[in-house]
1. Filter LYS220/LYS243; LYS74/LYS95; LYS220/LYS257; LYS74/LYS226 down to the pairs with a C-alpha to C-alpha distance above 21 Å, please.
2. Order ARG208, ARG37, ARG183, most accessible first, counting only protein heavy atoms with a 1.4 angstrom probe.
3. Taking only C-alpha pairs under 8 Å that are 6+ residues apart, what is the relative contact order of the chain in percent?
4. Using alpha carbon centroids, what distance separates segment 1-43 and segment 219-264, in Å?
5. Within segment 125-153, name every residue whose backbone N is under 20 Å away from a label modeled 7 Å from Cα of ASP71 along the Cβ vector.
6. Long-range amide H contacts for PHE60: which residues qualify at under 5 Å (H placed 1.01 Å from N, peptide plane, sequence gap of 5 or more or a different chain)?
7. For segment 170-264, just list the percent of Cα-Cα distances falling in each 10 Å bin from zero outward, please.
8. If the only charges are +1 at each Lys and Arg Cβ and -1 at each Asp and Glu Cβ, what is the size of the charge dipole of the chain around the Cα centre, to the nearest 20 debye?
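The values are calculated or read from the model by the stated rules, or taken from the named source; none is laboratory data. All of these numbers come straight from a predicted model, not from anything done at the bench. Positions of Cβ are backbone-derived with ideal geometry, glycine not excepted, and every protein chain shown enters the neighbour counts. Accessible surface is based on the protein model in full, side chains and every heavy atom, while ligands, DNA and RNA are left aside. Shrake-Rupley method; radii C 1.70, N 1.55, O 1.52, S 1.80 Å.
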Amino acid sequence: MAAPAQILLENVSHVYRPVRGREVLALDQVSLQVANREFVALLGPSGCGKSTLLYLIGGFLPVEAGSITVDGKKVTGPGPDRGIVFQHFALFPWKTVRGNILYGLERQGMPKAEREKRAQDFIELVGLHGFEDSYPSQLSGGMKQRTAIARTLAFDPAILLMDEPFGALDAQTRGLMQAELMRIFQRTPKTVIFVTHDVQEAVYLADRVAVMSARPGRIKTIVDTKFDKKAENIFKERVFVEKVDEIWHLVREEAIKAQGRRST
Ligand SMILES: Nc1ncnc2c1ncn2[C@@H]1O[C@H](COP(=O)(O)OP(=O)(O)OP(=O)(O)O)[C@@H](O)[C@H]1O
Ligand SMILES: [Mg+2]
C-alpha cells in the first residue's frame, strides 16, 4: 500500500480579490498528495499559481475553498513544522545575515551557544563566510537567496516549501547548492515541495514532478522521477535525458497556452 499522505490537498481553489482591479482565479480545484519524506517538484508557466499553492500550504494565505491537511491536521496558519523559502527572500532588512538566520532559532528557544554554532554552520554551508555581519541591502540577489535558504534549513522543519530557491544563482553556485541540498536530505530526510522553472533541476532533485497547467492552475500531470541518480554523469544518462524531454514538452505546451492568452 502507498504511504499515507503527509500533505493532502483536496480540491483547493484560490481567488485573489484585489481592492482595485479584477478578481483572479489563481488555482482551480487542485488536489495533491505528498508522502512523508517525499520530494515533489512543481513546474508550470509563470502566473499559474505555484507560489499561491506554497503560501496556502505554508499557512500564509487562508484556505477558502477545498481543504489542506498536514499530518492529518487542517492548515490554519504558519507553523514550525513547515519552513518556507520565499521566491522574493523576505529577509529582515534591519538584521544582518547572522541575525536573520538566528531569528528562527531564538524563537525555537535554542540555547545561545548552540544557536550561534548552528547559524555559523549554515552560513558556511551556503558559502557566506565573511558576510555574517552584512545587511541584506549589501548583498547580491544570489547572496540574499542563500541567506534565506540557510535561515530556513537551520531551524530544521519537517516540511520544506521552496519557491524557486536557486533562481537567482549562477550555474556553478546552483550546482553546488543542489548537491548540498541532496546531502542535507540524506542526513535529515524531509518532505519537500520545490518550485522551479528548471526541468533538469526538477528531475535531478525530485521523486515526482507535478506539472501545472496555465492559469487557472491545476495539476496537469505528475511524472515519476524516482530512479538512481548517483552516477557521476547522471545529466547525460539516457533515463535522465528522456525524463527531462518528457517534462519539457508538457511544460512547453502550457507555456504556449499562457502566452497565447496574454497576447489576446
Ligand atoms: N496579491 C495578488 N493579488 C491579485 N492577484 C494576484 C496576487 N498574487 C498573485 N496573483 C495572481 O495570481 C496568479 C498566480 O500567481 P502566482 O504568484 O501564484 O504564480 P506563479 O506560478 O508563482 O508565477 P511565477 O512563476 O511568475 O512566480 C497570477 O495570475 C497573479 O497575477
Ligand atoms: Mg511564483
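1. Values: LYS220/LYS243 16 Å; LYS74/LYS95 33 Å; LYS220/LYS257 13 Å; LYS74/LYS226 29 Å.
Over 21 Å apart, Cα to Cα: LYS74/LYS95; LYS74/LYS226.
2. Numbers: ARG208 60, ARG37 145, ARG183 120 Å².
Ranking ARG208, ARG37, ARG183 by accessible area, largest first, yields ARG37, ARG183, ARG208.
3. Values: 473 pairs, mean separation 66.1, N = 264.
Computed over the chain, the figure is 25 percent.
4. The distance from the Cα centre of segment 1-43 to that of segment 219-264 comes to 20 Å.
5. In segment 125-153, the label zone of ASP71 (backbone N under 20 Å from the point 7 Å along Cα→Cβ) covers 152-153.
6. Under 5 Å from the amide H of PHE60 lies no amide H from a residue far enough along the sequence or on another chain.
7. 14, 44, 31, 11, 1
8. Details: 36 positive and 31 negative charges, 109 e Å.
Dipole size: approximately 520 debye.
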